[in-house]
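Notes to accompany the following structure.
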Amino acid sequence: MLAGVSAESWIAPLAKIVGADHVLSDASSLRAYDCDAYSVDRSRPQVVVLPGSTEEVAEIVRWCVSQNIPYTPRGAGTGLSGGAMAALGGVVISTKRMNKILEVDVPNRRLLAQCGVANKKISDAVAEYGYHFAPDPSSQSVSTVGGNIAENSGGPHTLKYGVTSNHILGLTMVSVDGEIYHLGGGAPGGPGYDCIRLIVGSEGTLGIVTEAWCKLTPLPEFVITALASFSSVRQATESVAEIIAYGVVPAALELMDRGILSAVKAAFGLIFPIDAEALLLIECDGAPKDVREEYAIVEKILSGKGALEIQVAEDEAARQKLWIARKKGIGAMGRLAPSIVTHDGVIPRSKLPEMLDFVYAIAEKFGVGVANIFHAGDGNLHPCFYFDDRDPEQVRRVVEAGEAIIDRCLELGGSITGEHGVGVEKLDLMKRMFSEDDLKLQLLCKQSFNSNSLCNPCKVIPNQKGCVEHMRRWRGVAT
Amino acid sequence: MRRTYAAMARGGDLNEGIFCDPANMVAEIDATLGLRAVAWGLAANQVGLPHGSACLADDPGSGFDSKMTIRQAIDWNLPHLLEGKFGNWTDWILGMTIRLADGTVSKSGSRVVKNVAGYDAHKLLVGARGTLGTILRVAVRIYPISSIQYYSTLALAGADLRNLQSCWEKSDVHIFRVLPSDFESAREQYGDCILYALESSQTLWLSQKPEAIPGSWVRTFSKGKEQLPELPELDRRLLQRMKSVFDPNGKLPSWEATFVR
């Protein structure tokens with residue numbers, strides 16, 4: 001680890017590449033880069049550089065390799081597993097300045113963006129042509145295409161439209177040695193290894209993606225959005241399981257529990273039925289006839305499960321209002337405690353009712369506050385623990401409660417992460433999901449691209465050389 | 001009691017045929033099973049894989065695809081008739097059990113529909129022709145059979161698939177995929193040579209080899225056997241590097257050996 005190492009001699013060569021204004025090394029600037037939105041683990045870089053082009057990124061990487069300095073790519077820093085944390089210190093390569101849309105190719109339904117472009121800006125740029133970029137993580141107004149690619153981000157509408165890897169047609173990547181690769185971008189499905197699907201979701205460990213061809217998806221012709229309230233969480237989760245088992249795939253199927261309802265009521269003055277313990281947001285989209293048929297099935301299931309009330313949006317304004325609780329729920333939780341950790345695990349959707357019971361029991365056992373707001377249709381849980389990260393005892397309990405939930409996900413045949421990634425948060429948990437033999441395959445994937453261990457070190461694969469001894473130092477109390 | 005995916009993979013019991021979980025719309029399948037056997041097995045639960053007679057036969061029980069296994073279909077990542085609607089094998093595969101070159105049996109992915117734990121090695125195996133490892137089992141997303149049948153009917157409407165099947169077995173077929181903006185001009189240019197045209201995925205099945213245009217690719221089959229494609233230099237270098245990492249002693253088929261010259 002390079003903690004305490006003076007980076008004074010690094011500044012001039014890096015400034016020569018990107019300009020002095022784009023090298024940050026003062027303590028107050030660096031502090032903002034010592035973690036991403038997962039604040040339990042922290043590690044401060046020595047220098048942050050802000051390149052403006054692929055060529056500059058390649059030059060920075062070549063310089064870091066020549067000096068044996070670790071480097072970590074970073075987008076907007078909205079990641080929730082510490083993937084953009086400079087685990088061994090060194091240089092953070094921020095894509096903040098690489099924020100240009102380079103080409104909009106409407107006839108071929110694709111758009112070429114620099115990796116620092118915010119997700120939502122892509123959809124905004126093509127809305128006038130009747131298209132959008134389908135992955136829609138909750139952070140989409142700020143999270144970048146590069147970050148979405150690194151984490152293979154999802155979002156509420158990935159139930160129908162798929163995650164980021166389904167929507168990246170090609171990319172430009174600076175290899176771990178500083179070579180520039182252009183992969184794909186043309187007609188999909190050609191011969192050769194599908195490296196793009198491997199790189200998307202590799203958490204920035206196989207190289208630094210600098211540009212991407214994003215697939216543009218037609219905006220839905222017709223949408224029905226409904227918000228159902230239930231007097232128990234179990235009724236809501238059973239509704240989800242029944243909708244999925246019926247074979248219906250809505251565009252979105254999102255669940256919020258009382259913890260979230262209380263927070264959004266206080267923050268935005270939203271009104272829900274007094275007995276509501278859970279809300280289920282359902283969105284069906286497509287051709288009008290199909291959507292109406294699909295929603296009729298959904299509504300029948302919701303009513304059969306005893307929904308207290310089903311509100312259906314009559315226009316776009318009403319639709320946006322129904323989405324407020326889902327979109328603003330996490331932010332509203334800021335009223336409850338100084339810190340929030342949003343956990344991420346996946347289970348088979350039929351197991352949702354018993355899993356939610358387990359989450360509440362664990363929160364009670366560890367004495368931590370929990371609220372749930374998650375992608376129910378995908379079985380992708382997000383228990384949000386609220387706590388005070390200045391208290392080490394609370395931090396410990398939150399971490400242990402999170403691990404108990406992930407263990408249960410695995411027991412039910414699920415996964416340790418559905419969209420937040422492994423990062424540093426779940427390095428150890430990888431060993432619970434995968435055997436040594438399984439991890440051998442993971443290592444082969446990494447070695448195919450990354451042999452120097454400088455590019456975003458200590459992520460994804462547990463027990464890497466030079467990382468284990470530092471894990472204890474990352475986890476600390478907020479200062 | 002049902003065993004978990006992890007237990008199945010680690011227990012080494014790879015002889016189970018199809019584990020169908022319609023409640024979660026996923027299945028896990030022995031990769032040595034034929035497409036036809038899998039189709040029948042899943043249909044018993046009113047679900048299926050939407051490859052729309054993946055190998056172009058109008059009768060799923062005849063010719064090419066009656067012999068094709070799940071492993072071959074994934075190894076070859078063949079374009080199919082419902083790609084525009086349902087995507088390709090890569091889009092359905094959630095996880096795999098793979099035998100590596102040194103005999104290690106490894107699992108990648110899982111059996112849930114959303115998962116970003118670790119690298120998506122299973123996606124890399126799609127279309128890799130068995131050169132990086134041998135696929136033993138696959139976990140896949142499944143779809144209601146009513147939906148598959150509905151879109152299959154649309155895709156097959158008016159198509160002379162018997163002619164295409166006949167060409168497939170007797171002569172050369174060139175699968176040509178272009179960017180959407182080039183599809184109409186390609187269709188005009190190759191008019192008489194078109195055996196089948198699929199606008200939803202901008203794919204033409206041709207009896208004559210087309211000229212490459214930017215952004216397109218061509219895969220040539222001679223009597224059902226695929227010929228070695230030309231790859232860009234960068235793709236070739238990456239392919240060689242990955243191959244040397246996954247199979248340093250050359251125990252698995254080489255990329256070249258999996259094609260007919």
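Among the residues of the stretch A:373-387 satisfying the criterion of being within 14 Å of chain B (Cβ to nearest Cβ) and free of Cβ contacts under 8 Å to residues at least 60 places away in the same chain, which is surrounded by the most Cβ atoms within 10 Å (Cβ to Cβ)?
The residue in question is A:379.
Of the residues A:97, A:44, only one is surrounded by fewer than 24 Cβ atoms within 10 Å (Cβ to Cβ), over 19 Å from residue A:209 (Cβ atoms) and either within 24 Å of the chain's Cα centre (by Cα) or among the hydrophobic types (A, V, I, L, M, F, W, C) (or both); which?
Matching residue, one of A:97, A:44: A:44.
Would you check if there is a residue in the stretch B:232-251 being hydrophobic (A, V, I, L, M, F, W, C) and in a loop (DSSP other than H, G, I, E, B)?
no
So residue A:417 ticks every box in (1) facing chain B (nearest Cβ under 7 Å); (2) assigned to a helix (DSSP H, G or I); (3) among the polar types (S, T, N, Q) but one. Which box is left unticked?
(2)
Working only within the stretch A:301-343, note down all residues that are farther than 30 Å from residue A:291 by Cα and either within 14 Å of chain B (Cβ to nearest Cβ) or more than 23 Å from the chain's Cα centre (by Cα) (or both).
A:343
Yes or no, residue by residue, for (1) within 14 Å of another protein chain (Cβ to nearest Cβ); (2) within 23 Å of the chain's Cα centre (by Cα):
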| residue | (1), (2) |
| --- | --- |
| A:429 | yes, yes |
| A:436 | yes, no |
| A:453 | no, no |
| A:459 | yes, yes |
| A:463 | yes, no |
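Out of all the residues in the stretch A:162-169, is one or more at pLDDT 95 or above, in contact with a strand residue (DSSP E or B) (Cβ under 7 Å, 6 or more places away or on another chain) and within 29 Å of residue A:59 (Cβ to Cβ)?
Yes, there is a match, as at least one residue in the stretch A:162-169 is at pLDDT 95 or above, in contact with a strand residue (DSSP E or B) (Cβ under 7 Å, 6 or more places away or on another chain) and within 29 Å of residue A:59 (Cβ to Cβ).
How many residues, within the stretch A:175-193, are more than 9 Å from every other protein chain (Cβ to nearest Cβ) and buried (at least 24 other Cβ atoms within 10 Å of the Cβ)?
Looking only at that region, the number is 0.
Among (1) closer than 30 Å to residue B:102 by Cα; (2) at pLDDT below 90; (3) among the polar types (S, T, N, Q), which single condition is residue B:134 missing?
Result: residue B:134 fails condition (2) only.
Filter the stretch A:157-174 down to the residues that are more than 10 Å from chain B (Cβ to nearest Cβ) and not hydrophobic (A, V, I, L, M, F, W, C), then identify the one that is farthest from residue A:135 (Cα to Cα).
Going through the qualifying residues, I end up with A:172.
From the list A:77, A:90, which one is at positive phi, more than 14 Å from chain B (Cβ to nearest Cβ) and crowded, with 24+ Cβ neighbours inside 10 Å?
None of the others qualify; the one that does is A:90.
Scanning for something free of Cβ contacts under 8 Å to residues at least 24 places away in the same chain and either within 11 Å of another protein chain (Cβ to nearest Cβ) or in contact with a His (Cβ under 7 Å, 6 or more places away or on another chain) (or both), does the stretch A:194-206 turn up at least one residue?
Looking through the stretch A:194-206, at least one residue is free of Cβ contacts under 8 Å to residues at least 24 places away in the same chain and either within 11 Å of another protein chain (Cβ to nearest Cβ) or in contact with a His (Cβ under 7 Å, 6 or more places away or on another chain) (or both).
Could you tell me which numbered condition residue A:424 fails, if it satisfies all but one of (1) outside any loop (DSSP other than H, G, I, E, B); (2) more than 11 Å from every other protein chain (Cβ to nearest Cβ); (3) more than 25 Å from residue A:326 (Cα to Cα)?
(1)
Looking at A:238, A:179, which is the one that is touching a residue at least 12 places away in the same chain (Cβ under 8 Å) and either closer than 30 Å to residue A:355 by Cα or hydroxyl-bearing (Ser, Thr, Tyr) (or both)?
Going through A:238, A:179 in turn, just one is touching a residue at least 12 places away in the same chain (Cβ under 8 Å) and either closer than 30 Å to residue A:355 by Cα or hydroxyl-bearing (Ser, Thr, Tyr) (or both): A:238.
Starting from the stretch B:55-80, take each residue that is closer than 18 Å to residue B:170 by Cα and list its partners that are at pLDDT 60 or above and part of a loop (DSSP other than H, G, I, E, B), counting only C-beta distances under 6 angstrom and pairs at least six apart or across chains.
Sorted first by the residue in the stretch B:55-80, then by its partner, the pairs are B:55/B:68; B:64/B:224.
Restricting the stretch A:259-318 to residues that are touching a residue at least 12 places away in the same chain (Cβ under 8 Å) and on the phi > 0 side of the Ramachandran plot, which is surrounded by the most Cβ atoms within 10 Å (Cβ to Cβ)?
A:286
Among the numbered conditions (1) more than 11 Å from every other protein chain (Cβ to nearest Cβ); (2) in contact with a strand residue (DSSP E or B) (Cβ under 6 Å, 6 or more places away or on another chain), tell me where residue A:399 comes up short.
It fails just one condition, (2).
For residue B:148, are the conditions met, namely being touching a helix residue (DSSP H, G or I) at 6+ places or on another chain (Cβ under 9 Å), at the interface with chain A (Cβ under 10 Å from one of its Cβ atoms) and surrounded by 22 or more Cβ atoms within 10 Å (Cβ to Cβ)?
no
Hey, any hits in the stretch B:166-183 for a residue that's under 26 Å from residue A:106 (Cβ atoms), more than 14 Å from every other protein chain (Cβ to nearest Cβ) and either within 20 Å of the chain's Cα centre (by Cα) or of a type outside the set (Asp, Glu) (or both)?
No, the stretch B:166-183 contains no residue that is under 26 Å from residue A:106 (Cβ atoms), more than 14 Å from every other protein chain (Cβ to nearest Cβ) and either within 20 Å of the chain's Cα centre (by Cα) or of a type outside the set (Asp, Glu) (or both).
For the stretch B:214-224: of the residues being within 7 Å of chain A (Cβ to nearest Cβ) and not in a loop (DSSP other than H, G, I, E, B), which is modelled with the highest pLDDT?
B:217
Enumerate the strands (runs of 3 or more DSSP E) found wholly within the stretch A:85-153, keeping only those where 3 or more residues are closer than 28 Å to residue A:23 by Cβ and among the hydrophobic types (A, V, I, L, M, F, W, C).
Here the list reads A:91-94.
Would the stretch B:187-195 turn up any residue that is assigned to a helix (DSSP H, G or I), closer than 30 Å to residue A:104 by Cβ and either touching a strand residue (DSSP E or B) at 6+ places or on another chain (Cβ under 8 Å) or within 14 Å of another protein chain (Cβ to nearest Cβ) (or both)?
Checked the stretch B:187-195: at least one residue is assigned to a helix (DSSP H, G or I), closer than 30 Å to residue A:104 by Cβ and either touching a strand residue (DSSP E or B) at 6+ places or on another chain (Cβ under 8 Å) or within 14 Å of another protein chain (Cβ to nearest Cβ) (or both).
Mind listing whichever residues of the stretch B:225-249 are free of Cβ contacts under 8 Å to residues at least 24 places away in the same chain, within 21 Å of the chain's Cα centre (by Cα) and facing chain A (nearest Cβ under 7 Å)?
Correct list: B:231, B:235, B:239.
Among the residues of the stretch A:159-176, what is the count of those that are farther than 18 Å from residue A:55 by Cβ, of a type in the set (A, V, I, L, M, F, W, C) and free of Cβ contacts under 8 Å to residues at least 60 places away in the same chain?
The qualifying residues number 2.
The values are calculated or read from the model by the stated rules, or taken from the named source; none is laboratory data. Predicted model, so just to flag it, every value in this text is computed and none were measured. Using ideal geometry, Cβ is built from the backbone for each residue, glycine included, and neighbour counts are taken over all protein chains shown.
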